[in-house]
Amino acid sequence: MNAKKEIAAMEDIRLLVDTFYGKVRIDPLLGGIFNGVIKDRWPQHLEKMYSFWQTVLLGVHTYYGSPFPPHAQLPVEQKHFDAWLKLWHETVDEHFTGKKAAEAKWRGDKMAVMFLSKIGYYRNNPAKPLL
């Protein structure tokens, strides 16, 4: 087993993202949803996630876009976000320690709350999210 380390470079982001989405793809609850939406575009999705987390955790601004709109119409509810967060925290804790690892988990928690709230809002209102 490798020693845990700080999230400090793009190679750490890649390890985090690749390991996490490897788990998501085979998860009984999440796999069908993610694989059904992403289909054969996993390499593109992973590249986007590398940029997103590099921007968020390392302060290297390589992600440009709005993370919520692609999720607005997903058939998900609280149990899906709970499963996502379980895998996210598990993956962070398996490989990393320190301030950035804690921040990654905190940011994941905050995104889950925000995304779930916004998905509920758009399901019950005619408005569409801004791109």
Rounded to one decimal in nm, the spacing of the 7 Å Cα→Cβ label points at LYS128 and GLU94 is 3.8 nm
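Exposed loop sites here are trypsin sites (Lys or Arg not before Pro) in DSSP loop states with at most 13 other C-beta atoms within 10 Å. What is the longest stretch of the chain lacking them?
Details: sites that count: LYS4, LYS39, ARG41.
Value returned for the longest uninterrupted segment is 42-131.
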Per the C-alpha gyration tensor (a ≥ b ≥ c, the square roots of its eigenvalues), the chain is rounded if a/c is under 1.5, else prolate if a/b beats b/c, else oblate; here it's prolate
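So if we plug the beta-carbon distance of ASP109 and ILE26 into 1/(1 + (r/R0)^6) with R0 = 30 Å, what FRET efficiency do we get, rounded to 0.05? List each step's numbers first, then the result.
Details: r = 23 Å, r/R0 = 0.77.
Working from the Cβ atoms, E equals 0.85.
Once a ≥ b ≥ c are taken as the square roots of the eigenvalues of the Cα gyration tensor of region 48-94, is the result rounded (a/c under 1.5), prolate (a/b larger than b/c) or oblate (a/b not larger than b/c)? Don't skip to the end; give the middle numbers.
Details: a/c = 3.72, a/b = 1.23, b/c = 3.02.
Here region 48-94 falls in the oblate category.
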Taking placed amide H atoms and a strict 5 Å upper bound, the residues 5 or more places from LYS5 or on another chain that come that close are PHE96, THR97
Can you check what the net charge comes to around PRO69, using other residues whose Cβ is under 10 Å from the Cβ of PRO69 (Lys, Arg +1; Asp, Glu -1)? +2
Which length gain, in nm to one decimal place, applies between TYR64 and TYR121 when the Cα-Cα distance is subtracted from 0.36 nm times their residue separation? 18.1 nm
Between GLU11 and ILE33, what FRET efficiency comes out of the Förster formula 1/(1 + (r/R0)^6) with R0 = 35 Å and r the beta carbon distance, rounded to 0.05? 0.80
Label-zone membership for region 76-111, site ARG41, 7 angstrom Cα→C-beta point, backbone N under 19 Å: 76
Test of the criteria: in region 1-72, which GluC sites (Glu not before Pro) are in a DSSP loop and have at most 11 other Cβ atoms within 10 angstrom of their Cβ? none
Give the relative contact order (percent, whole number) for the chain; include only Cα pairs under 8 Å separated by 6+ residues. 35 percent
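Would you mind working out the magnitude of the charge dipole of the chain relative to its Cα centre, with +1 at each Lys and Arg C-beta and -1 at each Asp and Glu C-beta, to the nearest 20 Debye?
Rounded to the nearest 20 debye, it is 340 debye.
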GLN54 neighbourhood, Cβ < 10 Å, K/R = +1, D/E = -1, net charge 0
Need the list of lysines near LYS118 for cross-linking: C-alpha distance under 29 angstrom, and skip anything on the same chain fewer than eight residues off. LYS23, LYS39, LYS48, LYS79, LYS86, LYS99, LYS100, LYS105, LYS110, LYS128
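The numbers here are math on the coordinates, done by the rules we state, and not lab data. What you see is a predicted model, and the numbers here were worked out from it, not measured in a lab. When we count neighbours, we look across all protein chains shown, and the Cβ atoms used for this are built from the backbone with ideal geometry, even at glycine.
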